[in-house]
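Report on the following structure.
The values are calculated or read from the model by the stated rules, or taken from the named source; none is laboratory data. What you are looking at is a predicted structure, and each value in this text was computed from that prediction instead of being measured. A quick note on method: Cβ atoms are made from the backbone with ideal geometry, for glycine too, and the neighbour counts reach across all protein chains shown. Surface areas here come from the heavy atoms of the whole protein model, side chains and all, with no ligands, DNA or RNA. Shrake-Rupley method; radii C 1.70, N 1.55, O 1.52, S 1.80 Å.
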Amino acid sequence: MKFTNIKNYYFKLDSVNGFLADLSQFNNEIDHIKLHEETIAKNEIQSGVDVSNFEPIVLSLYPDIILSNVSGSFETEKLILLDGHHRWKYASQLNLIDKLKCILINFKDVKIKSYQFSINLGTDKFLNFLNSEGYSSSNHGSIGIFYSNEMYVNKNISNIYELYKFKKTMQEKEIITPILDEKEDSSKLIKFTSLNPDELLNINHLLPPKSTWITPRI
């Protein structure tokens, strides 16, 4: 895919330089945009929305390519979708990917932290639930659930993808709810071990919704 109309874009909150462009020359047979998260059914974009009015989706280049200026044109066949999965899905279903605007960033500027969730149970019930699922407070282990300044680990969970599968189960059972406001009562918040940016390169399936909070973002 060739990008010819590129402008500088600065993510002020993250102090990161990006490059505003569009996907007008996207070729579905050649170009590949790597996705990493499922969308949420109730948040799907309703029919009749004009794709050309969408905010830009945010895409990362692969590590072997670095964009440092906007002079001339730029070409690549591989990108990673960081933010905008619902917009991408809607445009794709209508075969209107070429109408999307985008912001390109270099892979070195990608940061990921865990999405925070609010607990919909009382503390005792929640801890009892974790215990029943094989989770216990531990200072050992590289992946787990963080709650009330403690880490809860399941020795039978061997990788982060299994952890996120459990997270999806809790979401579906409405035991936890994703939040945007980090100022909520901290005694009711949990988070999960975050994905490493390098792991985005090797994911061969979609993670559950709200598995990653990736910056920079609009």
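Contact annotation: residue pairs with Cβ atoms under 7 Å, 6 or more positions apart or on different chains, pairing a residue in region 1-12 that is under 22 Å from residue 78 (Cβ atoms) with a partner that is in a strand (DSSP E or B) and of a type in the set (Phe, Trp, Tyr), are 3/74; 6/19; 6/74; 9/19. Scanning region 161-218 for residues that are surrounded by fewer than 14 Cβ atoms within 10 Å (Cβ to Cβ) and among the small types (Gly, Ala, Ser), we see that the one that is modelled with the lowest pLDDT is 186.
Taken together, 113, 101, 78 contain a single residue that is open to solvent by 30 Å² or more (accessible area, probe 1.4 Å), over 30 Å from residue 151 (Cβ atoms), in contact with a Phe, Trp or Tyr (Cβ under 6 Å, 6 or more places away or on another chain) and among the basic types (Lys, Arg), which is 78. Scanning region 77-115 for residues that are among the polar types (S, T, N, Q) and touching a strand residue (DSSP E or B) at 6+ places or on another chain (Cβ under 8 Å) yields 106, 114. Within region 89-125, the residues that satisfy the criterion of being within 13 Å of the chain's Cα centre (by Cα) and not basic (Lys, Arg) are 110, 112, 114, 115, 116. Within region 28-42, if we keep just the residues that are over 13 Å from residue 79 (Cβ atoms), of a type outside the set (Ser, Thr, Tyr) and not in a strand (DSSP E or B), the residue that is least open to solvent (accessible area, probe 1.4 Å) turns out to be 40.
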